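Structure first, then comments.
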Amino acid sequence: MRIVILRLGHRIQRDQRITTHVALTARALGAEGMLLDSDDSGIEKSLQEVGVSWGGSFYVKRITSWKSEIKKWKDAGGKVIHLTMYGISLPDAIPEITADALMIVVGAEKVPPEIYSLADWNVGVGNQPHSEVAALAITLDRLQAASGKDALRTQFPGGERQIIPHTAGKEVISKVK
Ligand code: SAM
């Protein structure tokens, strides 16, 4: 299943850190990339650096019209999930979500109201306000588990470094010859 994140409402000064965390989480849990509705180039640069160090092909693409990105995605047969605390509960939505290509929309500030009707599913990760990072992580995990994949076992080919997990201490090997 292809998964792309659409990040709306990013404010360059205020949301730099959390948008970077949205992208890092998306990457770590198996999304292929993130569309960023902003001309902030800093997030793209940070994620490129992460890719060089740790591998994989995750991308950040700056966009100027989120509506036309949604239209293109849907015209190509993709489906759209909007994460919102007002939506139907994730465990209830999961059995309905069958698609080869999913766009997951997360907001920063208040999202444009149209998104509620453009989305195929408005999904709540619980119905309490919390964080887009937490909502995205749980959604990616549950979605992939439903299709028999473990989001925590996403592979990251290439890269300069790799962590060797240990019960205690840190080991990082260099893959650069
Ligand atoms: N104040 C904003 C508003 O009124 O729409 C919401 C800010 S919230 C921190 C930012 C984003 O986190 C939301 O757009 C939504 O994508 C996500 N989010 C927060 N709580 C959520 C929940 N319980 N379920 C799903 N997504 C959630």
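Miscellaneous remarks
- Alpha-carbon gyration tensor eigenvalues x 5, square-rooted, for the range 2-151, Å: 22, 18, 15
- For the range 2-151, the solvent-accessible area of protein heavy atoms averages 48 Å² per residue (probe radius 1.4 Å; ligands and nucleic acids excluded).
- If you run the Gaussian network model on the chain, springs between alpha carbon atoms under 10 Å, then out of ASP150, ASP92, ASP141 the most flexible one is ASP92.
- Between helix 132-146 and the chain: long-axis angle, C-alpha atoms, 0 to 90°, nearest 10: 90
- Candidate aspartates and glutamates - alpha carbon under 19 Å from LYS67, same-chain residues fewer than 8 apart omitted: ASP37, ASP39, ASP40, ASP75, GLU109, GLU114, ASP120
- Antiparallel bridges, percent of DSSP beta bridges restricted to the chain (to nearest 5): 10
- In the elastic network of the chain, a GNM with C-alpha springs shorter than 10 Å, the most mobile of ALA26, ALA151, ALA134 is ALA134.
- Carbon plus sulfur fraction of accessible area for the chain, probe 1.4 Å, in percent: 53
- Farthest positive-ward along the chain dipole, Cα basis, beta-carbon charges - from ALA101, ILE173, LEU35: ILE173
- Between GLN162 and ASP39, the FRET efficiency from the beta-carbon distance, with R0 = 30 Å, is close to 0.35.
The values are calculated or read from the model by the stated rules, or taken from the named source; none is laboratory data. These numbers were taken from a predicted model, which means no experiment stands behind them. So basically every Cβ, Gly included, is an ideal-geometry build from the backbone, and we count neighbours across all protein chains shown. Just the protein is used for accessible areas: all its heavy atoms, side chains included, with ligands, DNA and RNA removed. Shrake-Rupley method; radii C 1.70, N 1.55, O 1.52, S 1.80 Å.
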